Amino acid sequence: MMDCQLTLPTILRRAESLFAKKEIISRLPDKSIHRYTYRDFAARTKKLAVALQQLGIAEGDRVATLSWNHYQHLEAYFAVPCIGAVVHPLNLRFSPDELRFVVNHAEDKILIVDQVLLPLFEKFKSSVSVSRVIVIPQTDEPIPEGYLNYEDVLAAGDESEFQPFEGDENTAAFMCYTSGTTGKPKGLLYSHRSIMLHAISLMLTCAGVGITERDVALPIVPMFHAGAWGLPYNCAFTGATQVFPGPYLDAESLLELFESEKVTFTGGVPTVLMSILNKLDADPQHYKLYLRTMALGGSAMPRFLVKSFDERYGIQVLHTWGMTEMSPLGTTAVITSDLENASKEDQYDHATRQGFPVPFVELRGRNELGLIPWDGSAVGELEVRGPWVAASYYGDADPGEKFTPDGWLQTGDIVSISEDGCIEIKDRSKDVIKSGGEWISSVALENALMGHPSVLEAAVISIPDDKWMERPFAYVVPREGKVVSADELREFLAGTFAKFWLPEGFAFIDAIPRTSVGKFLKSALRDRYHRENG
Ligand code: ADP
């Protein structure tokens, strides 16, 4: 067979030649809608690639972006790796100190930044040493002195001089950092090969995602969060229309775009999908939707979410599990032939599990007794391997920390695995609640609480207890205009759980704190509990 390297210029060529007329649509910071075609995109991407080389970017150099999801960010996603350099999207919800840390750790050489995010950059610019800053113009204000204008830079690049990267497919193409909820962010390098194979996994209908040329895909998930789950690369490969929401991630703005651009596929964390459901429920006839699938990942699927979207709006919410360390797709809760004729309720139960490994990903679980049996009840830490799973962290002196001696990634997620290979995440190892030696799943309690009609959100943490060592404690956000008591919730849970699972206490709060990628931040709730309870 031919030795064809799996490198990103292949996607660029395909998008340009086969999908020249298909559109890429962006909502810009000034709220205007920008539209152009894959032909325009490819031409501008090549100009940017050449211009970056003229600015001194060579193979292996890192180019950081500090940007919302939009077309210029997509251009950087391709231009940088297509000349053999490494694109590094920065998490714009990081603190200035975290940003300083990752830019220095990655040794980013050039930064491409949204004009509307310059105030954030100003907060850490004195402590980083990028050689050039390229600003994407987005307002009527002039680009400040000392910075380059993205459009001027691009105009200086000659498309005909574009020399696509033709090196080894294992060369680094993309860099990102974990969101750092448990310490310093850790860097990961995705290779051309891993990105290409991962992009193909999103095309597979057997994995339930199955994005095709007919789709109109809108990644709600930011491009700095595990590469927007690989959607930008996948869509350019398949020719799916891409819609980027810019900075407007509130339910109303998203629903407007879903309707106006006839979006068929989207993906985001549960908190965002919950806000979309609430907005829809407030006026169910208001929007005409074309969505077939909403991929949910990042945190466990609340059961009411999959049920409500299916029953009320005919939209499938596909539960996926993954990690930044694995590009990120690991498993999907597809409906198998076994479940096809099952009752809707059984299908919803299945959808709350994290599902089956997608092709190329292998998994196993391990506890203190060794590898766990695939029996649906034994629990242990999930270990994974595959061609888009990281083998080490970037610049990490101790790669052994999260990897087994035989090279599997230790995920930190506690799971059971059914006989047919479906995983169910019970907890993250750091959130586990061990009460009197018995293990209690905070995920299961949260899921049940969020099924109560008066509860908007719930997070369950472990609190210390003299007798039982640890007990569960629930933080609950009531729905607007609803009042609910601890007794009522305890009674509600008692129908499903053993008595010792019931939370020791409930606290009613206005909002659950979020991580930089929109997940519940339980460490902040644990701190709050200790602050308030000594
Ligand atoms: P961070 O580790 O910084 O939160 P990631 O997005 O990489 O950033 O998080 C990966 C983790 O998110 C997984 O290890 C798992 O704990 C959690 N996670 C992802 N998807 C799911 C899911 N569908 N259900 C439960 N937990 C999930």
Seminar exercise, completed: Flagged in segment 304-354 as among the polar types (S, T, N, Q), over 19 Å from residue 446 (Cα atoms) and either in a helix (DSSP H, G or I) or outside the structural domain of residue 279 (by TED's automatic domain parsing) (or both), in numbering order, are 324, 337, 347
Problem set entry | From 271, 293, 266, residue being farther than 15 Å from residue 315 by Cα and within 16 Å of the ligand (Cβ to nearest atom) | 271
For this session: Select from segment 195-218 the residues that are away from the ligand (no atom under 15 Å from the Cβ) and either touching a Lys or Arg at 6+ places or on another chain (Cβ under 9 Å) or within 20 Å of residue 88 (Cα to Cα) (or both) and list them in ascending order.
Result: 195, 196, 197, 199, 213, 215, 216
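Picking from 290, 248, which residue would you name as being touching a Ser or Thr at 6+ places or on another chain (Cβ under 9 Å), surrounded by fewer than 24 Cβ atoms within 10 Å (Cβ to Cβ) and assigned to a loop (DSSP other than H, G, I, E, B)?
Testing whether each residue is touching a Ser or Thr at 6+ places or on another chain (Cβ under 9 Å), surrounded by fewer than 24 Cβ atoms within 10 Å (Cβ to Cβ) and assigned to a loop (DSSP other than H, G, I, E, B) leaves just 290.
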Exercise. Within the set of pairs 6+ apart or on separate chains, which have a first residue in segment 435-455 that is under 21 Å from residue 319 (Cβ atoms), a second that is part of a loop (DSSP other than H, G, I, E, B), and C-beta atoms under 6 Å apart?
Worked result: 443/300; 447/302; 448/496; 450/302
For this session: Look at residue 274 and say whether it is open to solvent by 30 Å² or more (accessible area, probe 1.4 Å), closer than 30 Å to residue 340 by Cβ and not assigned by TED's automatic domain parsing to the domain that holds residue 91.
Result: no
Exercise. Considering segment 365-378 alone, what residues qualify as being within 16 Å of the ligand (Cβ to nearest atom) and surrounded by fewer than 20 Cβ atoms within 10 Å (Cβ to Cβ)?
Worked result: 366
Problem set entry | Residue match in segment 323-336 (condition: more than 13 Å from the ligand (Cβ to nearest atom), open to solvent by less than 50 Å² (accessible area, probe 1.4 Å) and not acidic (Asp, Glu)) | yes
For this session: Would you check if residue 434 is part of a strand (DSSP E or B), away from the ligand (no atom under 11 Å from the Cβ) and open to solvent by 10 Å² or more (accessible area, probe 1.4 Å)?
Result: yes
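Search segment 311-320 for residues being without any contact (Cβ under 8 Å) to a residue 60 or more places away in the chain and within 21 Å of residue 221 (Cβ to Cβ), and hand back the single one that is most open to solvent (accessible area, probe 1.4 Å).
Taking the candidates together, the pick is 316.
Restricting segment 258-269 to residues that are touching a strand residue (DSSP E or B) at 6+ places or on another chain (Cβ under 6 Å) and not basic (Lys, Arg), which is farthest from residue 303 (Cα to Cα)? Before you say what the answer is, go through the steps one by one.
We begin by selecting, within segment 258-269, every residue touching a strand residue (DSSP E or B) at 6+ places or on another chain (Cβ under 6 Å); these are 261-267.
Filter again for not basic (Lys, Arg), leaving 261, 263-267.
Working: 261: 28, 263: 24, 264: 22, 265: 20, 266: 19, 267: 17 Å.
Selected residue: 261.
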For this session: With respect to residue 117, determine if the residue is closer than 23 Å to residue 27 by Cβ, more than 16 Å from the ligand (Cβ to nearest atom), over 28 Å from the mean Cα position of the chain (by Cα) and open to solvent by less than 20 Å² (accessible area, probe 1.4 Å).
Result: no
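The values are calculated or read from the model by the stated rules, or taken from the named source; none is laboratory data. Worth saying up front: this structure is predicted, and the values here are computed from it rather than measured. So basically every Cβ, Gly included, is an ideal-geometry build from the backbone, and we count neighbours across all protein chains shown. Accessible surface is based on the protein model in full, side chains and every heavy atom, while ligands, DNA and RNA are left aside. Shrake-Rupley method; radii C 1.70, N 1.55, O 1.52, S 1.80 Å.
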